[in-house]
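Please read the structure below before turning to the comments.
Nothing in this text is a laboratory measurement; each read-out follows from the coordinates by a stated rule. Given the structure is predicted, the values throughout are model-derived calculations rather than measurements. Methodologically, a virtual Cβ is constructed for each residue, glycine included, from the backbone with ideal geometry; neighbour enumeration extends over all protein chains shown.
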Amino acid sequence: MSSTSTSPTAARARGGAFRRLIGFIGADNLSLMFALVALVFLVVVASGWFGFSGGDKFFSWQNLMNSLAQAIVIVGLLSIGETVVIVAGALDISVGSIASVGSVVAASVLVGTGTVGALKILPTNNVLIAVFAGIMAGALAGAINGLIVTQLRVNPIIATLGTLAAFAGFAFLLAPEGKPIGVVTQPQFTWLAQGRFLQDLAIPPLAGSKWTGIPVLTVVLVIVAIIVHIIMTYTDFGRAVYAIGGNATAARLAGINLSRVRVLMYMLSGGIAGLAGVLLTARTTSGNPVNGTGLELQAVTAVFLGGAATAGGKGTIFGTFLAVILVGVLNNGMNLLGFNTFVQRVALGLLLIAAVAISQGRQARAERVRTRIAAKE
Amino acid sequence: MTTTTADIASPDMAAPPNPPGTLEIRNVSKAFPNVQALSDVSLDIRPGEILAFMGENGAGKSTLLKIINGDYQPDSGTLTIDGERLSFSNPRAAHKAGIRVIYQEPEIIPGVDVAENIWAGELPKRFGMFSRTRLNHEVRRSLAQYGFEDVVPIHSLGEELSSAQRQLVEIMRALKSGVRVLALDEPTSSLADEEVERLFTLVRRLRDEGVAIIYVSHRIKEILRLCDRVAILRDGQLVAVRPAAELTDGEIVRLMVGRELSEFIQRRRAGTDREVLRVTGLRSNWHQDVSFHINAGEVVGFSGLIGAGRTELAKVIFGELPKNGGSIVLDGQETTIRRPDDAIAKGIGFAPEDRKREGLVLIRSVLENASLAILRRLSRFHFVRRGLERSIASEYIETLRVRTPSLEQEVGKLSGGNQQKVVLARWLAAKPKVLILDEPTRGIDVGAKAEIYRLIDDLANQGLGIMFISSELPEILGLSDRIYVLQAGRITGELSAAEATEEAVLKLAMVDQLSTVPAGAAISSEENGTA
């Protein structure tokens, strides 16, 4: 108790530059990076040894920019919203359905058919308003999730399982006779999916394919990731999210309004899912009610793989982002090597279980550390 | 230091050979990364004797208990009973050998009744089938044997039991399987005084029946009353083993920390007449017509048995539990408090009793925990001003002398006393007018307790009104300017510091139970219109 106790943990906190680097990146994120490198190695090099062809195409601009970087965008957005919800100790499995709603609403405004378009409340044909409407529809859906969880006190998994079905059905109801709304032709809108930044940069070709620029979609993903990262790290809302996930009772007793934070966080997750839906419309040039179906599984997988604690209170946008890339490379690699989508689905399901198992193991280890410290008393 | 080494080489070991059934601990050491939790501890735990383990947090008491219970294996050294070497790889093996450690929070299966909880793992069988009749019979018999049949209803579910009842269930479990060495870890920390007496009666009886008993507690008075010998640990070493009769409070504390007890509680009374909180006619699911007031600069103690409604009173005022009626006047203004954030905005702070479950976000940092209640004030356009946050947090972390390697340290990795200080730092930062402290010294070591007493005194002197809830009479008596006593959801009396004695407080706390007490002058005159 007296001044003699130079804390051993203080000594551990010092240490070399390498340790400090690990501390900065985070040990979990570092292992993700190793996993990513290992996976790329498997796809590119090892596939050749086992007689798979296609691995050599991985490092081409065509694959990296057109396939990989675009493929991860939709799931990436959903995962970022999902991270906020999971860090708060809850779950939102309705994000795929919300994306479908966002997709249909945006297309409906652009084309002028379907319930939203036919209402003529919003001026049709306006790209900005269409994007805005898609995001707002998602935020509204999120608010519904939040109110169900906070006011009706329904468990988040059950609540969003219910809205997963309800929103999916609602997306069909918004479309004329449940058929896709299309074709969306506004060039400013399709630019979202087809546009490229920095096309003119003199970057040498890779594996025989020429530099084509950075997809707008990917830039949107990165911007959203940065914004949400800032929200989670630097705002009172972000702090509250971590506190609620770590210990909701303690957070409430420290003056945090749990209901408000939970509703806002579902709105954030929903709004981002709505945006993902808008981008789906841009990519497919139609508002299809099935656009977002099944995406929630990949989103949840990425969040847990990214190091979020299943019990809440831990997790970062950066970790999720790395995990999204990892899942993207996995899918992309399997595509290149010629595995069919059924194999991919099996792999994804197993990956979710593995990610959660790793997360649980990490929590158990942390728990042991805490008990060990308690034992010293 | 030299005196303490002499203590170890006491005649204790050279003394008459140990009676059969003695648990002999020899040269036990245990290290964890960065800390030597136990070094070379040798100790005899004899049947028919109550041996106390004392020491500050981190002294090694819990590690020693965990080795005895088979939770940990010693790095070196041996445990033997009757010459037989014991080596437990897990608690089950220890239980088989007749050794049981009962921890502070006994493991009770919530959805299962008392009888099955007692027999958990080895339910009685008849013709290969579980026999409910035999189970109930056995449990009733063993409860009756120790006079607890009316204390623990055997059909109550585990989740319905109070702390005291849980402990009894755990003790009955131990007795059923023929315990030879029984260790109790802080058994009284969540018991009311009357329940403590019951427990003591049981412990003495077990001793007389030839059980070797280890009793771990921070409460010196209890130890001196109950135990036969006292083993004192400091920094993983056994500092002294002495008969309790030869020890005094001051002596024990000196051996533990090298400080005198008299320094502990000092209250420079500074109460003013300015009311900061007045509660009138408060009714809730737990209370009937509770009225009291707290002045600026006052420490007001709230005493009572467990279940009297003290914690609930704090939570009703704080907006965590619903209020059915009555008024709350803060700083002269009548206020409605709907939620804890209302209460905080209006100048009330509340450090809850169970800091791990209700006070702290254990997996987050010291910094985040310390600033949690003032996030709104720290933020501009919802962005937390991190420089300001760090400077405020480090100011209070330093004032309170929280021992942490950095502000980024996970709170769950700090010791109990330091965790409690982080909770207090949070409330100091919030600068409330009224601070509710619910059992602020529970489960923390003597040194940290002394610091918290000093802090309470300082805060009151700075003009805060402090609502001080505690089950430990000496600290209530030593610190409070006035004391309210609760019993079954009512205030049964108010005592000034001058009037307050352990006896007076206990009488008010147990007014119903003491039917023989005449409705005498002492009690009724102290009641201040709360009837």
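Once Lys and Arg get +1 and Asp and Glu get -1 on their Cβ, which of B:422, B:387, B:369 lies farthest toward the positive end of the dipole of region B:365-430?
B:387
Per-residue HN-Hα couplings for region B:425-434, Karplus 6.51 cos²θ - 1.76 cosθ + 1.60 at θ = phi - 60°, whole Hz, x for Gly and Pro?
Couplings: 4, 4, 7, 5, 4, 6, 6, x, 8, 10 Hz.
Considering the options A:354, A:188, A:164, tell which one lies farthest towards the positive end of the dipole of chain A, charges being +1 on Lys and Arg and -1 on Asp and Glu at the Cβ, about the Cα centre.
Towards the positive end, the residue furthest out is A:354.
Based on Cβ point charges of +1 for Lys and Arg and -1 for Asp and Glu, what charge dipole magnitude is obtained for region B:307-406 about its Cα centre, in debye rounded to the nearest 20?
Approximately 360 debye in magnitude.
Run the quick spin-label model on residue A:340 and residue B:197: label points 7 Å from Cα toward the beta carbon, then report their separation in nm to one decimal.
8.0
Which residue, chosen from B:69, B:255, B:201, occupies the Cα position most advanced towards the positive end of the dipole of chain B, where the dipole is computed from +1 (Lys, Arg) and -1 (Asp, Glu) charges on Cβ about the Cα centre?
Ranked along the dipole, the leading option is B:69.
Shape of region A:237-346 from its Cα gyration tensor (a ≥ b ≥ c, root eigenvalues): rounded if a/c is under 1.5, otherwise prolate when a/b > b/c, or oblate?
Oblate shape, in that a/c is at least 1.5 and b/c is the bigger or equal ratio.
Using only the alpha-carbon atoms, what does chain A span along each of its principal axes? Please give whole angstrom values in decreasing order.
Each principal axis gives a Cα extent; for chain A these are 75, 57, 37 Å.
Grab every C-alpha pair in chain B, bin the distances at 20 angstrom width from 0 up to the longest one, and report whole percents.
Binned Cα distances yield the sequence 20, 51, 27, 2.
Work out, step by step, the length gained on full extension between residue A:173 and residue A:25: first 0.36 nm times the residue separation, then minus their alpha carbon distance; give nm to one decimal.
48.7 nm
Identify the residues of region B:269-298 with backbone N under 12 Å of a label point that sits 7 angstrom from the Cα of residue B:501 along the Cα-to-Cβ direction, or state none.
Within reach of a label on residue B:501, which here means backbone N under 12 Å from a point 7 Å along Cα→Cβ, region B:269-298 contributes nothing.
5 Å is the cut-off here: which amide hydrogens, built 1.01 Å from N in the peptide plane, fall below it relative to residue B:183, excluding neighbours closer than 5 in sequence?
Counting only residues 5 or more places away or on other chains, the set is B:100, B:101, B:102, B:214.
What is the calculated FRET efficiency for residue A:201 to residue A:354, with r their C-beta to C-beta distance and R₀ = 41 Å, to the nearest 0.05?
Plugging the Cβ-Cβ distance into 1/(1 + (r/R0)^6) gives 0.60.
Where does chain A land at 222 nm, in deg cm²/dmol rounded to the nearest 500, when only DSSP H runs of n ≥ 4 count, each adding -39500 (n - 2.57), divided by all residues?
-22000 deg cm²/dmol
Give the order of B:475, B:334 when sorted by the count of other beta carbons within 10 angstrom, beginning with the fewest.
Sorted ascending by nearby Cβ count, the order is B:334, B:475.
Given Cβ point charges of +1 (Lys, Arg) and -1 (Asp, Glu) and nothing else, what value in debye, to the nearest 20, does the dipole of the protein assembly as shown about its Cα centre take?
Charge dipole of the protein assembly as shown: 2800 debye, to the nearest 20.
Between region A:248-305 and region B:411-479, how far is it from one alpha carbon centroid to the other, in angstrom?
The two parts, judged by their Cα centres, are 41 Å apart.
Can you tell me the length gained on complete extension of the stretch residue A:233 to residue A:147, counting 0.36 nm per residue apart and subtracting the Cα distance?
28.5 nm
Using only Cα atoms, locate the centre of region A:130-191 and the centre of region B:275-314, then give the distance between them in Å, rounded to an integer.
Using only Cα atoms to place each centre, the spacing works out to 49 Å.
Would you kindly calculate the mean projected area, averaged across all directions, of the convex hull enclosing the Cα atoms of the protein assembly as shown, in square nanometres?
For the Cα atoms of the protein assembly as shown, the hull's average projected area reads 46.3 nm².
Only four residue types carry charge here, +1 at the Cβ of Lys and Arg and -1 at the Cβ of Asp and Glu. Report the dipole size of region A:66-204 about the Cα centre in Debye, rounded to the nearest 20.
Charge dipole, region A:66-204, about its Cα centre: 180 debye, nearest 20.
Each residue of region A:207-215 in turn: what ³J(HN,Hα) in whole Hz from Karplus with 6.51, -1.76, 1.60 and θ = phi - 60°, glycine and Pro shown as x?
6, x, 10, 7, 5, 10, x, 9, x
Ranked by Cβ crowding within 10 angstrom, fewest neighbours first, how are A:44, B:276 ordered?
Arranged by neighbour count, lowest to highest, A:44, B:276 become A:44, B:276.
Determine, from the Cβ-Cβ distance of residue B:29 and residue A:66 and an R0 of 56 Å, the FRET efficiency 1/(1 + (r/R0)^6), rounded to the nearest 0.05.
Efficiency, from the Cβ-Cβ distance: 0.30.
Give the calculated FRET efficiency between residue A:222 and residue B:357 to the nearest 0.05, with a Förster radius of 30 Å applied to their Cβ-Cβ distance.
Efficiency, rounded to the nearest 0.05: 0.15.
With each pseudo-label sitting 7 Å past Cα toward Cβ, what's the residue A:17-residue B:156 distance in nm, one decimal?
My value for the distance between the label points is 6.4 nm.
With a 10 Å Cβ neighbour count serving as the proxy for reagent exposure, in which order, fewest first, do B:78, A:320, A:341 appear?
With the sparsest Cβ surroundings first, the list reads A:341, B:78, A:320.
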